[in-house]
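Colleague: Before I ask anything, let me first share the structure, which is written out below as structure tokens.
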Amino acid sequence: MRVVSDVFEVALIVLLLIPYGIIIWSYFKPKESLLLGRRRLYKNEPEIPEDVIRNQKAKSLITIIVYPIIVIIIFVYSYS
């Protein structure tokens with residue numbers, strides 16, 4: 001039964017890394033992340049204001065810091 005639990009833990013960690021990777025990508029490429037799925041709506045490359053890009057980077061940075069803390073707290077409480 002422990003093998004199933006170990007597999008579940010590894011799968012859960014991998015699944016939790018996917019959004020974290022997207023958030024990191026969003027921090028390094030804020031313009032592309034803002035236009036994700038919406039490029040086809042524009043004929044030309046849209047102009048994204050600098051403050052919107054700064055806002056996206058700030059939100060991504062906060063999430064990069066807070067997300068692991070929340071995940072660690074959940075793991076500690078669920079496995080203690």
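Colleague: Report, to the nearest 10°, how far helix 50-78 tilts away from the longest principal axis of the Cα atoms in the chain, using its own Cα long axis and a range of 0 to 90°.
Modeller: Relative to the chain, helix 50-78 is tipped by roughly 10 degrees.
Colleague: Spelling out what I want: for every residue of the range 17-23, take phi, set θ = phi - 60°, compute 6.51 cos²θ - 1.76 cosθ + 1.60 (Karplus), and round to whole Hz; glycine and proline get x.
Modeller: Each residue of the range 17-23 in turn: 6, 4, x, 5, x, 5, 5 Hz.
Colleague: Just in the range 35-75: which trypsin sites (Lys or Arg not before Pro) are loop by DSSP and have at most 10 other Cβ atoms within 10 Å?
Modeller: On the way: sites: 38, 39, 40, 43, 54, 57, 59; in loops: 38, 43.
Passing sites in the range 35-75 are 38, 43.
Colleague: Hey, another quick one. In straight Cα distance, which lysines are under 16 Å from residue 57, not counting same-chain residues fewer than 8 positions off?
Modeller: 29, 31
Colleague: With a point put 7 Å past each Cα toward its Cβ, work out how far residue 52 is from residue 22 in nm, to one decimal.
Modeller: 2.0
Colleague: For P(r) over Cα pairs in 5 Å bins from 0, in percent, the choices are (i) 3, 13, 17, 17, 14, 11, 9, 7, 5, 3, 1, 0; (ii) 3, 14, 23, 23, 15, 9, 5, 3, 2, 1, 0, 0; (iii) 3, 15, 29, 26, 19, 7, 1, 0; which was calculated from the structure?
Modeller: Computed from these coordinates, P(r) over Cα pairs in 5 Å bins from 0, in percent corresponds to label (i).
Colleague: Loop sites only, by DSSP: take the chymotrypsin sites (Phe, Trp or Tyr not before Pro) in the chain that have at most 11 other C-beta atoms within 10 Å and name the longest stretch containing none of them. Let's see the in-between values first.
Modeller: Values: sites that count: 42, 79.
After excluding every exposed loop site, the longest remaining stretch is 1-41.
Just so you know, all these numbers are worked out from the coordinates, no wet-lab data involved. Note that this is a predicted model, so its numbers are computed, not measured. Please note: Cβ atoms are built from the backbone with ideal geometry, for glycine as well, and neighbour counts cover all protein chains shown.
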